[in-house]
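Undergrad: Next up is a structure, given as C-alpha cells.
The values are calculated or read from the model by the stated rules, or taken from the named source; none is laboratory data. Keep in mind that this is a model prediction, so the values were computed, not measured. For neighbour counting, all protein chains shown are included, and Cβ atoms are generated from backbone atoms with ideal geometry for every residue, glycine included. Protein only, heavy atoms only, side chains kept; ligands, DNA and RNA dropped before computing areas. Shrake-Rupley method; radii C 1.70, N 1.55, O 1.52, S 1.80 Å.
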Amino acid sequence: MADDPIGCACKGIRSCLVCEKQGKFSNQQQITTTANIQAYIFCNRCNLCYRSSDGSKTEPRQMARCQDHDLNASLHVKGIKVVDNFLSLQEESEMINHIDLSSWTISQSGRKKQDFGPQVNFKRKKVKMNNFKGLPSYCRNVINKMHLNDTCNQILASFRPVELCNLDYSPDRGSAIDPHYDDFWLWGDRLVTVNLLSGTVLTLSKDEYEVHIPMPRRSLVILFDDARNIWKHGIKRQNITGRRVCMTFRELSQQFLSGGQDEDLGKKLLDIAMS
C-alpha cells in the first residue's frame, strides 16, 4: 500500500510538491529558518536546548557533546522526552508490514494518513463512535512497551491512548506539517510518536524561538507539559530526507476521564480502543 498513486489534497495555504508543480505558490511556513528566529537544538542526553557555536547557523545539526554546549545560551523547555532505539530493526520491519496492509488516504502538505479513532468534529465538540472499532492489534505491543520501558515508563505509566494516527512523509511529495497545537478539548497532556524508517527533526516554535528536536529512526518522542501546551510543533519539508512513517498516539483529556464532565463517554471510548 506504500506505493499508492501520488495525489494532492492541499487546501488554503497548504501546499506540496505535487500542487506546486501545477502552479500553486509554495507554503511560506516551510522555508528554512530565517535570521530573526532564535534557534536551539534539544539534547536528549542533558535535556537542554542549546545554541550552536555559530549563531547564524539555524539548521539542526548533529548534537555536540554535552560538555561543549554553551550553557550561558541554553534554554529549558519542560516536557520533551526522546527514547532512542525504542524499537529494534526487526520490530520496525514488522510494524511497517502491518501498517502497509491498510490503505493510505491522501492528506494535506504532501502527507498520507491512516486514522484509527473516533470521528470528531472539533469545532462543534462532537464525538461519534459509530465506526470506531478500536486500535489495530499491531500497536498493542508498542503500547505495552511504552509501559515497560525504563526510560519512559514513569511518564507513560497511566497512558491509555484512544487514537492512533499513522502519517507517511516523502521528499518526493514535499511532505511537511505546519506548526500547530493538537486539540486540547478531547486530547490529553501527552502526545506520543514512534518514528519509523528515517530520522527527522521535530520543530517546536513560540514567538521568535524555535527548538529543533532530533528524532532518530526507531525512536519514541513524548511531548507533554509546556512542550505540548505552550509550544507549537511541526515538521519542515527540508527535514524529510526519505520515506518516514510515524505512529502518533493520543489520550483523552481530563474532561473525559474519571470525575470529568464527559466521564461516561470517555469510558466508552477507552473500552472500544482496547477491545
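Undergrad: Pull up the cross-link candidates among the aspartates and glutamates for Lys236, meaning alpha carbon to alpha carbon under 18 Å and not fewer than 8 places away within one chain.
TA: Of all the aspartates and glutamates, those that pass the test against Lys236 - Cα under 18 Å, at least 8 places apart if same chain - are Glu20, Glu59, Asp168, Asp172, Asp178, Asp182, Asp207, Glu208, Glu210.
Undergrad: Let me ask something additional. For the chain, which whole-number percentage of the solvent-accessible area (1.4 Å probe, protein heavy atoms only) is attributable to carbon and sulfur atoms?
TA: 48
Undergrad: Students sometimes get this wrong: rank Tyr40, Tyr181 by accessible area, probe 1.4 Å, all chains present, largest first.
TA: Tyr181, Tyr40
Undergrad: Taking the highest mean first, how do the peptides 261-269, 79-87 order by number of other beta carbon atoms within 10 angstrom per residue?
TA: Going by the mean number of other Cβ atoms within 10 Å, highest first, we get 79-87, 261-269.
Undergrad: In addition: Provide the gained length on full extension for the span Asn141 to Ser275, in nm with one decimal, where the gain is 0.36 nm per separating residue minus the Cα-Cα distance.
TA: Length gained between Asn141 and Ser275: 46.8 nm.
Undergrad: Asp207 accessible area, nearest 10 Å², 1.4 Å probe?
TA: Accessible area, nearest 10 Å²: 130 Å².
Undergrad: With every protein chain kept in place and ligands, DNA and RNA left out, what is the accessible area per residue of the chain? Probe 1.4 Å, answer in Å².
TA: Roughly 50 Å² per residue, with all protein chains present.
Undergrad: Still on this structure: With a sphere of radius 12 Å drawn around the Cβ of Val192, what net charge do the other residues whose Cβ falls strictly inside it have (Lys, Arg +1; Asp, Glu -1)?
TA: +2
Undergrad: Using θ = phi - 60° and the Karplus curve 6.51 cos²θ - 1.76 cosθ + 1.60, what whole-Hz ³J(HN,Hα) does each residue of region 235-243 get, with Gly and Pro shown as x?
TA: 10, 7, 4, 5, 9, 9, 10, x, 4
Undergrad: Which residue, Ala227, Ala176, Ala157, tops the fluctuation ranking in a GNM of the chain built on C-alpha contacts under 10 Å?
TA: Maximum fluctuation in the GNM of the chain, among the listed residues, is at Ala157.
Undergrad: Regarding the chain, what are the three Cα extents along the principal axes, ordered largest first, in Å?
TA: 53, 47, 41
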